[in-house]
Amino acid sequence: MVRRFRFGVVVALLASILVAAQENKYQPKYSGDPARSQSEFIALAYMRTISDAQRLYRKKHKKFAPSLTALVGSGSFTRRMVKTDRGDYQGSFHPGVSHFSLEMTPKTLDSTHRAFWVNENGYFHVEEDRPATADSPVLKPDNK
């Protein structure tokens, strides 16, 4: 009788763990969302915001911004966004008059925390197990 009770408790515990794991699975935010986790979604959104701000800055000043601070007020880029530590990710911004690049590298690389890279051409690059560069594969949505 005690064994059956213990077995029932173990089965119930495993079932609740499986349900919780399914509930925590990342739900894409839009059709074609390439993110695998909320952390990736946030990192990619940050990168898109910087890319958009750079495009607007260049349209107005005929060059790219020399720093993230210079981007404040361009598009939706705010003073708080100058800080490149973005939770699970650390950013690295590389400015230039006629170019820029931005890397977002996770503090821990795994299947739901990939590394990303983008420059002025707007193509996002991705790596599974190391920092991303211009030579990394272009980011595409996972086949579901």
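Worth a mention:
- Take the conditions (1) under 24 Å from LYS107 (Cβ atoms); (2) buried (at least 18 other Cβ atoms within 10 Å of the Cβ); ARG48 misses just one of them, which is (2).
- Consider segment 127-144 and keep the residues that are within 20 Å of THR108 (Cα to Cα) and of a type in the set (D, E, K, R). The one that is surrounded by the fewest Cβ atoms within 10 Å (Cβ to Cβ) is ASP129.
- Qualifying residue in segment 111-126 (condition: surrounded by 17 or more Cβ atoms within 10 Å (Cβ to Cβ), over 26 Å from LEU56 (Cα atoms) and touching a strand residue (DSSP E or B) at 6+ places or on another chain (Cβ under 8 Å)): yes
- Test: GLY87 is surrounded by fewer than 16 Cβ atoms within 10 Å (Cβ to Cβ) and either touching a residue at least 60 places away in the same chain (Cβ under 8 Å) or closer than 20 Å to PRO141 by Cα (or both): no
- One residue from ASP142, ASP129, ASP52 being in a loop (DSSP other than H, G, I, E, B), within 16 Å of the chain's Cα centre (by Cα) and under 23 Å from GLY32 (Cβ atoms): ASP142
- Breaking point among (1) at pLDDT 95 or above; (2) in contact with a Pro (Cβ under 6 Å, 6 or more places away or on another chain); (3) not small (Gly, Ala, Ser), for PRO141: (1)
- Considering residues of segment 90-104 that are in contact with a Ser or Thr (Cβ under 9 Å, 6 or more places away or on another chain) and of a type in the set (S, T, N, Q) only, the residue surrounded by the most Cβ atoms within 10 Å (Cβ to Cβ): SER101
- Any pair with Cβ under 7 angstrom, 6 or more apart, that starts in segment 120-141 at a residue that is over 23 Å from PRO28 (Cβ atoms) and ends at one that is of a type in the set (D, E, K, R) and surrounded by 11 or more Cβ atoms within 10 Å (Cβ to Cβ): PRO131/GLU103
- MET104 being among the aliphatic types (A, V, I, L, M), within 12 Å of the chain's Cα centre (by Cα) and closer than 17 Å to PHE41 by Cβ: yes
- Total residues in segment 88-101, condition within 10 Å of ALA43 (Cα to Cα) and among the hydroxyl-bearing types (Ser, Thr, Tyr): 1
- In the set SER74, SER16, only one residue is under 23 Å from the mean Cα position of the chain (by Cα), surrounded by 10 or more Cβ atoms within 10 Å (Cβ to Cβ) and either modelled with pLDDT under 95 or not in a helix (DSSP H, G or I) (or both); that residue is SER74.
The values are calculated or read from the model by the stated rules, or taken from the named source; none is laboratory data. Just so we're clear, the structure is a prediction, and the values are computed from it rather than from any experiment. Note: ideal-geometry Cβ built from the backbone for every residue, glycine included; neighbour counts use all protein chains shown.
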